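In what follows, a structure is listed as structure tokens, so that the remarks can point back to it.
The values are calculated or read from the model by the stated rules, or taken from the named source; none is laboratory data. Here the structure is a predicted model, which means the values were calculated and not measured. All Cβ positions, glycine included, derive from the backbone under ideal geometry; neighbour counts span all protein chains shown. Surface accessibility is based on the protein's heavy atoms, side chains included, excluding ligands, DNA and RNA. Shrake-Rupley method; radii C 1.70, N 1.55, O 1.52, S 1.80 Å.
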Amino acid sequence: MATGAILSGAGLVESLDRRLLDAQFRFLRANFPQAAPAEIVIVGIDEATVVTMQEPLALWHRHFGAFLDAAAAAGAKAVGLDVILPDRSYNDVIAGSDQRLLAGLLAMRRAGVLVLAVTVDDSGRPRRVHPAFLAAAGPDGSGFALWKVDPDGAVRVFDERLGDRGETAPTFAGQLARRLGMAPRAGMINYAIGERFDYTALERVLAWQREGAHAELARAFRGKIVLLGTVLPFQDQHPSPVLLGARNEDRRMTPGVILQAQTLRTLLADRVISTVHPALVALLAAVCTLTWIGGARPTVAAVTAFAALAAILALGTFLLARDVYLPSASLAVAALIGVSARLGLESGVAIHDRRRLRAAFAGYVSPHVMTEIEAGRLTGLQGDRYFVCTLFLDVRGFTTRSESTPPERMIRLLNRFFEEATAAIHERNGTIDKFTGDGIMAVFGAPARMDNPCELAFDAAREILERLERLNVSLAAEGELPIAIGIGLACGEAVVGHVGAAARHAYTAMGDTVNVAARLEGLTKELGYPLVMSSEVAARVRADDRLVPLGTQPIKGHTPVEVFGLQP
């Protein structure tokens, strides 16, 4: 929880916060459009206008004057000139140009609200505008066309504290709002309000003025707020969170005059978006880490994370629609930290427990059984049916040998042989069911199912016999008598699982194949072959020249069985 709280104030996810905010604005515009409080008309200086005009923009005094006359005569409620007027008179270049612009400024000022855009130079000082033009606009008739820009270059905030030390400076949109009766307040620009902006080209407005198309002018401007600015592709373009211009090809870049219009919409609607206090965000981030509770298991953790993220995004979007911004990224990351930390802890504990379990019991069960135990699949007193090949192995003469050999020495001798036999069985994915004093029972085909368990059991049996030959050579060199063994193989269906009580049980196989394999191991003494198998096993193994058919043999407690033996 402390990590979540600290994260919210560290600014580590601000970039993600901005991306989520932009996505929320786009979602609201697409699905829950909100009407604008006042109609704002854009008059654009586009490429067609530039081609029509013969003078450079600095000498457009008469054109701007004509536009202002047209707007005033048509009954425009307010006009904002988002163009930077020159810093001196150009009467010496075009006689009477200043007077034409001044006349238009005064006409609009008498008819309604007029605000001129001003800016700063490279040093940050206010850029000079010809005093006569500012005087004509009036004492509150100008404002800075400046923004507080986010680190990614996008414009999301309206704030008139533009000075180096937080000094307030009147802005272009702020002055228009004041003159229209709405005191501006700082906050985020509301990009969910209104439709996308189209524009009317300045050259068309001037054509209406020249032609006396008063009805067209009145239809375009009467009772409306009119902003004049450039919509040229590479001038005064700014990144914005949403696509605002109806003719914009680039979602990210928006003409400055359109950004001013969206800002003015926000101010006039009194829909400036306020941000949740950082202390409350920190508290919410801390609460979001309580997803820890649902992170115990991967499936539950995934559901918890998804539900938390969905709830956070839904809450953030709901609040944004009500003009409150909740930084959602820090809450989402905090929720993910909570569930991931718990999942990581539980995984670590599980790994530790599995290691302890394996260290404690790996010597008591075969690797496949250990894997099933670790995976939690061997639970309860029940069994499953498998096709298996059962191997029974017994050491010959163990009882007689024990009479003359100390028990410690016998155990060491048996363990040396069992090490070799166990390795041969495990290398072929066999499962040792039990050690029976001087013997082994092993199963091939459970708990891991196999395509041909008989082949693997047969290979394991031959490998045991080969290892025994090498071991006997070592024993002879040590003065020990050799070890003799018998192996029986039988295959068939068996039920494999836990047998016993809930408090104490064993993993074993039960079925006719187990009994037959045990009886075949006993036949090895009578038939003189170290390995005897049923005909069913012989039919499923690779051809071996040493396999000899031994006919049908009677076995105790069972119908006679056709068997094969492996010559030494």
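Going by what's in this entry, would Ile464 be described as open to solvent by less than 20 Å² (accessible area, probe 1.4 Å) and assigned to a strand (DSSP E or B)? Even if it seems obvious, please write down each step before you answer.
Numbers: open to solvent by less than 20 Å² (accessible area, probe 1.4 Å): yes; assigned to a strand (DSSP E or B): no.
So Ile464 fails the test.
Residue pairs whose Cβ atoms lie under 8 Å apart, sitting 6 or more positions apart in sequence or on different chains, and linking a residue in segment 374-400 that is more than 14 Å from Thr431 (Cα to Cα) to a partner that is open to solvent by 80 Å² or more (accessible area, probe 1.4 Å) and modelled with pLDDT under 75, are Glu374/Arg354; Glu374/Arg358; Leu381/Ala502. The residue of segment 521-543 that is nearest to Gln553 (Cα to Cα), among those that are assigned to a loop (DSSP other than H, G, I, E, B) and open to solvent by less than 50 Å² (accessible area, probe 1.4 Å), is Tyr529.
May I ask you to verify whether Leu280 is within 22 Å of Lys148 (Cβ to Cβ) and under 34 Å from the mean Cα position of the chain (by Cα)? So Leu280 fails the test.
I'd like to verify a number: residues in segment 223-266 that are of a type outside the set (Gly, Ala, Ser), under 21 Å from Val83 (Cβ atoms) and either open to solvent by 10 Å² or more (accessible area, probe 1.4 Å) or not in a strand (DSSP E or B) (or both), how many?
Quick first cut of segment 223-266, residues of a type outside the set (Gly, Ala, Ser) only: 224-228, 230-239, 241-244, 247-255, 257-260, 262-266.
Applying the additional criterion that residues be under 21 Å from Val83 (Cβ atoms) yields 224-228, 230-238, 244, 247-248, 253-255, 257-260, 262-265.
The next check asks that each one be either open to solvent by 10 Å² or more (accessible area, probe 1.4 Å) or not in a strand (DSSP E or B) (or both); those that pass are 224, 230-238, 244, 247-248, 253, 257-260, 262-265.
Total satisfying the criteria: 22.
Quick check: is even one residue across segment 479-488 touching a helix residue (DSSP H, G or I) at 6+ places or on another chain (Cβ under 8 Å), among the charged types (D, E, K, R) and within 24 Å of Asp459 (Cβ to Cβ)? If you could, list the steps in order and put the result at the bottom.
Applying the first criterion (touching a helix residue (DSSP H, G or I) at 6+ places or on another chain (Cβ under 8 Å)) to segment 479-488 yields 480-483, 485-488.
From the residues that got through so far, the ones that are among the charged types (D, E, K, R) too are 480.
Applying the additional criterion that residues be within 24 Å of Asp459 (Cβ to Cβ) yields none.
Within segment 479-488, none of the residues are touching a helix residue (DSSP H, G or I) at 6+ places or on another chain (Cβ under 8 Å), among the charged types (D, E, K, R) and within 24 Å of Asp459 (Cβ to Cβ).
Annotation note: Cβ proximity below 7 Å between a residue of segment 519-530 that is of a type outside the set (Gly, Ala, Ser) and a residue that is in a helix (DSSP H, G or I) (sequence gap 6+ or interchain) occurs for Pro530/Leu465; Pro530/Thr524.
Screening Glu216 with (1) in a helix (DSSP H, G or I); (2) open to solvent by 50 Å² or more (accessible area, probe 1.4 Å); (3) in contact (Cβ under 8 Å) with a residue 60 or more places away in the chain gives one miss only, at (3).
Residue by residue, here is whether (1) out of contact with any strand residue (DSSP E or B) (no Cβ under 6 Å at 6 or more places or on another chain); (2) more than 23 Å from Gln262 (Cβ to Cβ) holds:
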site: Leu21; (1), (2): yes, no
site: Phe32; (1), (2): yes, no
site: Ala36; (1), (2): no, no
site: Val41; (1), (2): no, no
site: Ala70; (1), (2): yes, yes
site: Ser89; (1), (2): yes, yes
site: Gly96; (1), (2): yes, yes
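For (1) among the aromatic types (Phe, Trp, Tyr); (2) open to solvent by less than 50 Å² (accessible area, probe 1.4 Å); (3) in contact (Cβ under 8 Å) with a residue 60 or more places away in the chain, each residue gets a yes or a no:
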position: Ala36; (1), (2), (3): no, yes, yes
position: Val41; (1), (2), (3): no, yes, yes
position: Val50; (1), (2), (3): no, no, yes
position: Phe67; (1), (2), (3): yes, yes, yes
position: Ala71; (1), (2), (3): no, yes, yes
position: Lys77; (1), (2), (3): no, no, yes
position: Arg88; (1), (2), (3): no, no, no
position: Ile94; (1), (2), (3): no, yes, no
position: Arg110; (1), (2), (3): no, no, no
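What's the total number of residues in segment 391-422 that are farther than 23 Å from Ala538 by Cα and open to solvent by 30 Å² or more (accessible area, probe 1.4 Å)? Residues flagged as farther than 23 Å from Ala538 by Cα and open to solvent by 30 Å² or more (accessible area, probe 1.4 Å) within segment 391-422 amount to 19.
Reported count of residues in segment 197-213, each being in a loop (DSSP other than H, G, I, E, B) and either in contact (Cβ under 8 Å) with a residue 24 or more places away in the chain or of a type in the set (Asp, Glu) (or both), is 1.
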